[in-house]
1. Kindly establish whether residue 246 is crowded, with 20+ Cβ neighbours inside 10 Å and in a helix (DSSP H, G or I).
2. Just for region 36-79: of the residues that are of a type in the set (Lys, Arg) and farther than 25 Å from residue 110 by Cβ, which one is modelled with the highest pLDDT?
3. Got a sec? Which strands (runs of 3 or more DSSP E) wholly within region 139-235 have at least 1 residues that are charged (D, E, K, R) and without any contact (Cβ under 8 Å) to a residue 40 or more places away in the chain?
4. Pick from 165, 238, 211: which is of a type in the set (S, T, N, Q) and either touching a helix residue (DSSP H, G or I) at 6+ places or on another chain (Cβ under 8 Å) or within 23 Å of residue 118 (Cα to Cα) (or both)?
5. Check 106, 68, 124 and return the single one that is β-branched (Val, Ile, Thr) and surrounded by fewer than 17 Cβ atoms within 10 Å (Cβ to Cβ).
6. For residues that are under 13 Å from the mean Cα position of the chain (by Cα) and either more than 16 Å from residue 166 (Cβ to Cβ) or among the small types (Gly, Ala, Ser) (or both), scanning just region 199-226, find the one that is surrounded by the fewest Cβ atoms within 10 Å (Cβ to Cβ).
7. Go through (1) in contact with a strand residue (DSSP E or B) (Cβ under 6 Å, 6 or more places away or on another chain); (2) over 18 Å from residue 200 (Cβ atoms); (3) in contact (Cβ under 8 Å) with a residue 24 or more places away in the chain and name the single condition residue 120 misses.
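The values are calculated or read from the model by the stated rules, or taken from the named source; none is laboratory data. These numbers come from a predicted model, not from an experiment. Note that we place each Cβ from the backbone using ideal geometry, even for glycine, and neighbour counts take in every protein chain shown.
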Amino acid sequence: MRRWLLALSFLLFGSGWLNAAEPVPKKIVLIAGPITGHGKHTHEYEKSVILLKHLLDTSPSTKGKVAVEAHFKGWPTDEKTLDDAATIVMISDGGDRNATDHPLYVGERFQTLERQMKRGCGFVQFHWTTFNPSRVHDQITEWVGGYFDYEKGPAANKWFSAISTWDANVTLGNSEHPIARGVKPFSAREEFYYNLRFRDGDDRVQPIWLTKPPGQQKDHVVAWAVERKDGGRGFGSTGGQFFQNWLDENFRRTILNAIV
């Protein structure tokens with residue numbers, strides 16, 4: 001892990017990554033879900049959060065401009081720390097098997113997050129975390145734009161959305177978007193989710209990554225951003241299966257831009 005951190009410190013993105021210094025550091029809360037049954041080097045929630053915190057803490061573009069907290073086991077021990085967060089990032093299991101496998105749907109956590117969203121806090125969901133129950137369609141699409149729908153589809157397992165792993169060629173849906181600043185098209189072996197559930201005609205949603213899954217005739221959105229009327233921002237990425245993809249500068253830069 002130490003070698004990863006050292007290597008990625010030298011590979012970090014350009015100096016134009018953050019627009020302007022904030023008078024008070026922006027608080028970013030990173031939340032890693034509990035470790036589950038996936039194989040080594042996949043669904044590395046804790047390692048990903050540790051890595052992101054290191055990069056945000058040490059980049060010349062963000063050092064002193066952000067205050068980053070890392071929390072594990074799915075939620076902060078004291079959730080009051082969320083009350084002044086500028087952005088909350090979740091990297092965790094989803095809830096397609098049991099609703100409470102998704103840390104957000106344990107106890108009153110969803111209601112806690114809802115309070116943060118109402119004050120304009122940003123929200124990021126990464127990979128399996130984008131699996132959200134359809135009962136919160138209105139809230140999730142408001143906060144983060146879209147999600148993996150595993151309940152309202154015609155398949156035997158009820159999935160509307162889909163999953164595939166392949167050597168993907170990723171292009172930019174909107175190269176002018178701030179999240180795409182300094183990002184170029186890239187290729188990576190990745191498990192992407194696609195055919196996601198968005199609101200009909202939601203012009204707030206901006207595609208960030210596009211790719212064509214095997215057997216599909218068109219590109220699908222696999223990372224996207226939304227700006228809410230309350231000033232809050234949301235971002236979702238369905239990539240994130242393999243820890244090694246953090247080595248890809250364009251993959252890494254996109255996620256870091258989105259968090260900031």
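1. Working: crowded, with 20+ Cβ neighbours inside 10 Å: yes; in a helix (DSSP H, G or I): yes.
It is true that residue 246 is crowded, with 20+ Cβ neighbours inside 10 Å and in a helix (DSSP H, G or I).
2. 47
3. Numbers: elements: 162-172, 186-194, 206-211, 220-227.
Counting at least 1 such residues, we get 162-172, 220-227.
4. Sole residue among the options that is of a type in the set (S, T, N, Q) and either touching a helix residue (DSSP H, G or I) at 6+ places or on another chain (Cβ under 8 Å) or within 23 Å of residue 118 (Cα to Cα) (or both): 238.
5. After applying the criteria, what remains is 106.
6. If we take residues in region 199-226 being under 13 Å from the mean Cα position of the chain (by Cα) and either more than 16 Å from residue 166 (Cβ to Cβ) or among the small types (Gly, Ala, Ser) (or both), then 226 is surrounded by the fewest Cβ atoms within 10 Å (Cβ to Cβ).
7. (1)
Here's the yes/no breakdown for (1) within 26 Å of residue 244 (Cα to Cα); (2) touching a residue at least 24 places away in the same chain (Cβ under 8 Å); (3) in a strand (DSSP E or B):
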{"residue": "36", "(1), (2), (3)": "yes, yes, no"}
{"residue": "39", "(1), (2), (3)": "yes, no, no"}
{"residue": "57", "(1), (2), (3)": "yes, no, no"}
{"residue": "61", "(1), (2), (3)": "yes, yes, no"}
{"residue": "93", "(1), (2), (3)": "yes, yes, no"}
{"residue": "107", "(1), (2), (3)": "no, no, no"}
